[in-house]
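Here the structure is laid out as structure tokens; the discussion comes afterwards.
The values are calculated or read from the model by the stated rules, or taken from the named source; none is laboratory data. None of these values were measured; they are calculated from a predicted model. Heads up, the Cβs are rebuilt from the backbone with ideal geometry, glycines too, and the neighbour counts pull from every protein chain shown. Only protein heavy atoms, including side chains, enter the accessible area calculation; ligands, DNA and RNA are left aside. Shrake-Rupley method; radii C 1.70, N 1.55, O 1.52, S 1.80 Å.
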Amino acid sequence: MTEESPTVYPYIPNSVPAVKREMLDAVEAKDVDEFFEDIPGSLRIKGALDLPDALPSEYELKRHVEGLLRKNKYAGEYLNFLGAGCYQHHVPAVCDEVNQRGEFLTAYAGEPYDDHGRFQALFEYTSMMGELLDMDVVNVPTYDGYQASATAIRMAARITGRSEALLAGTIDPEKLSKIKDYCKPDIEIKLLPYDRESGQMDLKALRGAISEETAAVYFDTPSYLGCIEVDGDEISSIAHEHSAICVVGVDPISLGVLTPPVGYGADIVCGDIQPLGMHMQFGGGQAGFIASRDEEKYVLEYPSRLFGIAPTIVPGEYGFGDVAYERTSFAIREEGKEWVGTAAALWGITAGVYLALMGPSGMSEIGAGIMARSLYAMQQLDTIPGVHAPLFRSPHYKEFVVNFDGTGKLVAEINKALLDQGIFGGKDLSTLFPELGHSALYCVTEVHTKADIDTLAKSLKEVVES
């Protein structure tokens with residue numbers, strides 16, 4: 001945009017030249033560039049950006065964006081067996097109905113005087129998550145599960161005064177990257193090998209690696225590769241023998257059928273609540289949780305907000321608000337344990353709606369249904385010549401590794417052929433876990449019917465035999 005030919009956007013506030021001039025005059029600025037003088041000139045773009053012509057009509061812009069979106073292939077049109085951290089679960093209509101309400105959707109932060117039920121909704125969410133996890137304390141959601149895992153490890157380091165964390169080698173490579181970034185430079189992250197037959201943590205390696213410098217032992221169950229860790233109690237025992245903290249990442253939708261991590265010795269539990277009523281949002285519908293026992297040494301290390309309930313001065317009336325607020329960076333700014341910033345509170349309210357709708361029996365039913373569908377899918381795919389499913393001798397939940405070494409085809413070739421048939425194949429693990437050969441991570445949830453799985457097996461058979 002230039003001064004000679006200004007563009008006024010009816011859908012962008014303050015783009016009228018006279019209004020912009022009035023705002024600049026009010027702050028005694030010659031032009032907008034003065035606001036960026038602190039940025040060195042070498043880092044600023046000179047001249048106008050090479051952009052297409054403006055679309056001042058809102059209708060034209062809408063048509064343009066819709067045209068771009070039509071190029072996308074998404075799970076609503078295609079049969080989807082991709083997971084790897086962002087999952088296609090059914091989202092009940094009531095979840096969208098509640099989280100679109102103005103008092104929740106637009107309530108960025110706020111305090112009790114302008115709160116319209118948000119504090120209570122978040123308290124109810126954390127209470128139901130606590131019941132699901134069998135833990136006393138649950139935080140208001142972090143940005144995503146990756147951050148929750150990284151923060152849980154930092155909490156363990158602060159509690160123990162140590163500077164090392166041991167992680168299961170089956171961890172999601174992207175999560176590992178986030179953890180390393182978040183924990184450096186003062187916490188060393190070490191990966192432990194895993195058993196190539198079972199996908200379980202190598203306990204001998206754990207015993208050999210743990211030391212008086214170890215703050216935390218971390219593993220996910222189910223793991224990134226879909227395996228349920230069967231030695232959780234022994235892992236936590238080894239950690240506790242060395243006064244380390246056992247941190248476990250978990251898929252909350254599995255807890256209707258799997259024992260909560262606290263049942264086998266976990267001290268801090270974390271994960272992502274995306275499976276609980278959140279659309280995939282092109283990879284962006286994520287929010288993390290952290291949970292622990294109600295012990296001061298844990299509670300005071302949470303960087304994020306915690307909500308509680310307390311009686312008010314009115315007899316019989318209760319209010320909802322922050323617990324131990326003084327420990328957060330909201331209260332003490334740069335002196336806080338970690339910087340909190342904006343949390344994904346809206347997704348916490350959404351997950352609360354989902355948990356209230358499902359109830360204990362619903363969570364048990366959906367968990368059992370996912371396990372049954374996953375087992376059927378593994379059995380069907382394993383009948384295809386050259387295909388081995390699952391690769392690991394282990395109980396699985398929702399995801400499993402399929403090996404294609406016997407087909408003579410690359411996973412990329414197979415996935416491209418499946419895409420031509422309207423199917424998203426599994427996540428290609430060939431470069432992420434090269435030791436697994438030509439393998440892919442497949443995901444099955446409650447949205448998949450027997451017919452869907454049969455379609456996948458039939459199409460996959462045609463692809464590998466072509």
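Overview of results
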quantity	calculated
Candidates 405, 428 - the one that is over 25 Å from the mean Cα position of the chain (by Cα), open to solvent by 20 Å² or more (accessible area, probe 1.4 Å) and among the charged types (D, E, K, R)	405
Residue within region 305-317 that is closer than 21 Å to residue 247 by Cβ, open to solvent by less than 70 Å² (accessible area, probe 1.4 Å) and either in contact (Cβ under 8 Å) with a residue 24 or more places away in the chain or not in a strand (DSSP E or B) (or both) present	yes
Residue match in region 7-18 (condition: surrounded by 11 or more Cβ atoms within 10 Å (Cβ to Cβ), in contact with a Lys or Arg (Cβ under 8 Å, 6 or more places away or on another chain) and in a helix (DSSP H, G or I))	no
Options 83, 102, 76, 47; residue that is surrounded by 11 or more Cβ atoms within 10 Å (Cβ to Cβ) and either at pLDDT below 90 or within 30 Å of residue 443 (Cβ to Cβ) (or both)	83
When residues of region 395-430 are limited to those that are assigned to a strand (DSSP E or B) and touching a Phe, Trp or Tyr at 6+ places or on another chain (Cβ under 7 Å), the one farthest from residue 198 (Cα to Cα)	423
Candidates 384, 370, 366, 453 - the one that is at pLDDT 95 or above and not in a helix (DSSP H, G or I)	384
Of the criteria (1) more than 20 Å from the chain's Cα centre (by Cα); (2) surrounded by 15 or more Cβ atoms within 10 Å (Cβ to Cβ), which one residue 53 fails	(2)
Failed criterion for residue 416 (all others in (1) surrounded by 18 or more Cβ atoms within 10 Å (Cβ to Cβ); (2) free of Cβ contacts under 8 Å to residues at least 12 places away in the same chain hold)	(1)
Single unsatisfied condition, residue 122 versus (1) hydrophobic (A, V, I, L, M, F, W, C); (2) farther than 27 Å from residue 320 by Cβ; (3) in contact with a Phe, Trp or Tyr (Cβ under 9 Å, 6 or more places away or on another chain)	(2)
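Each row is one residue, and each column tells you yes or no for (1) touching a helix residue (DSSP H, G or I) at 6+ places or on another chain (Cβ under 8 Å); (2) not small (Gly, Ala, Ser).
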site: 378; (1), (2): no, yes
site: 384; (1), (2): yes, yes
site: 389; (1), (2): yes, no
site: 393; (1), (2): no, yes
site: 398; (1), (2): yes, yes
site: 431; (1), (2): no, yes
